[in-house]
Amino acid sequence: MTRTTLMTTATILAAGLATTTASAQVTVFEWTNPDGGAWFDADSWDQDTFPDDRTHIARIALDGNYDILAPSRGFDLFGLELLNPELELAVGRLNIWGPEIVNNGVIGAILVPREDSTIRGSGVLRRQLVEFTSGVEFTNGAGHTLRGVDVEFTTGARQRFVNRGILEPLTFDAMDFIGGGGDLILEDEGTIRVVFANDIGNNGRIQGVGTVTFGGSIEVDLSELAPRGDVLRPCSTHEFFRSINTSGRFNDEVVGDPDYPFHIWQIQYDLGPGTDKAMLRLDCYGDFNRDCSFDVFDFLDFQNAFAAGDMAADCDSDGALTLFDFLCFQNAFSAGCG
Ligand SMILES: [Ca+2]
Ligand SMILES: [Ca+2]
């Protein structure tokens, strides 16, 4: 895995959760059936009925490996607390009327935050949708993962998506941010983890989003690629986000990968017309001037960089420019680009 840090300062807003007058009437439903079963089976809960209302909190804390057959229709809850890390809960369209969801397992849902709210915990929201229908702020909390989830804004109202956790726009199941007028804010402590699989052409989109503020870091996970060389060729770029009308910016940073000796990864983000996309680029260290050919100009450029004290000439990455960097560069040049 390679990693690069984005240096753009994120706007950090205090996400004070509004206290709600409805909280006084909220009822907690605790799952009590160790064998699993249907959501609509009142006997599986500690109340007289099952949770299915905007004043209900569904709490599933019972340990064990069991399944819950949840409603595929849309329904309302004040909150959902999925505390059993073994549980994967697939539901339909889920309106959340309270300030938080706690998820230590896996939730597959079209999640509709109806008030300012946060999803937190160590779990994963996977492969569906966070859908904004009103002017709210929704936060992916620290440590929580949205995996292949689209974030869809509507037009008009104030809408903000804040990431303090992990976004995984899988290349086989892209993560799209789509809509009119919403703000996408990726906080300082948030991470975008791009998992490249063999189907590398399926990119996420950032379209029609009002303001994009990038912060935090990007992790590029290449471990799913096998064999890697067939997919990622040197002197090539691979889009992982295409964006339009955004104001965010990634800073380029050269990254290394021990599995690719003498190769260099870069995260690139361009804002020019038709080129506003985030890309992963693979180059080879021996091609020092990055023109995709190996010739004497690479030697000259390396020597100039070395003489100028440019740390780009620190081939062995030990933080100092020494004779070993010349030897390292010669090896990289000989290794070529393969
Ligand atoms: Ca060259
Ligand atoms: Ca060195």
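Computed quantities for the displayed model
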| quantity | calculated |
| --- | --- |
| Net charge of Cβ neighbours under 13 Å - reference Arg73; Lys, Arg +1; Asp, Glu -1 | -1 |
| Förster radius 51 Å - calculated FRET efficiency between Thr237 and Asp48, Cβ distance, rounded to 0.05 | 0.30 |
| Segment Thr27-Asp67, extension gain: residue separation times 0.36 nm, minus the distance between their alpha carbons | 12.1 nm |
| Pairs of Cα atoms farther than 14 Å apart, segment 105-184, % | 57 percent |
| Cut-off 11 Å between beta-carbons: net charge of the residues surrounding Ile57, Lys and Arg +1, Asp and Glu -1 | -2 |
| Fewest-first sequence of Met279, Met311, Met175 by Cβ atoms within 10 Å of each Cβ | Met311, Met279, Met175 |
| 10 Å beta-carbon shell around Arg93, net charge (K/R +1, D/E -1) | -1 |
| Computed Kirkwood radius, in angstrom, where 1/r is averaged over Cα pairs of segment 36-82 | 11.2 Å |
| Gyration tensor (alpha-carbon) shape descriptor, segment 296-335, a/c threshold 1.5 | oblate |
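Read-outs throughout are calculated quantities, based only on the coordinates presented, and are distinct from any laboratory measurement. This one's a predicted model, so the numbers in the text were calculated from it and none came from an experiment. Note that each Cβ is placed from the backbone with ideal geometry, even for glycine, and that neighbours are counted across all protein chains shown.
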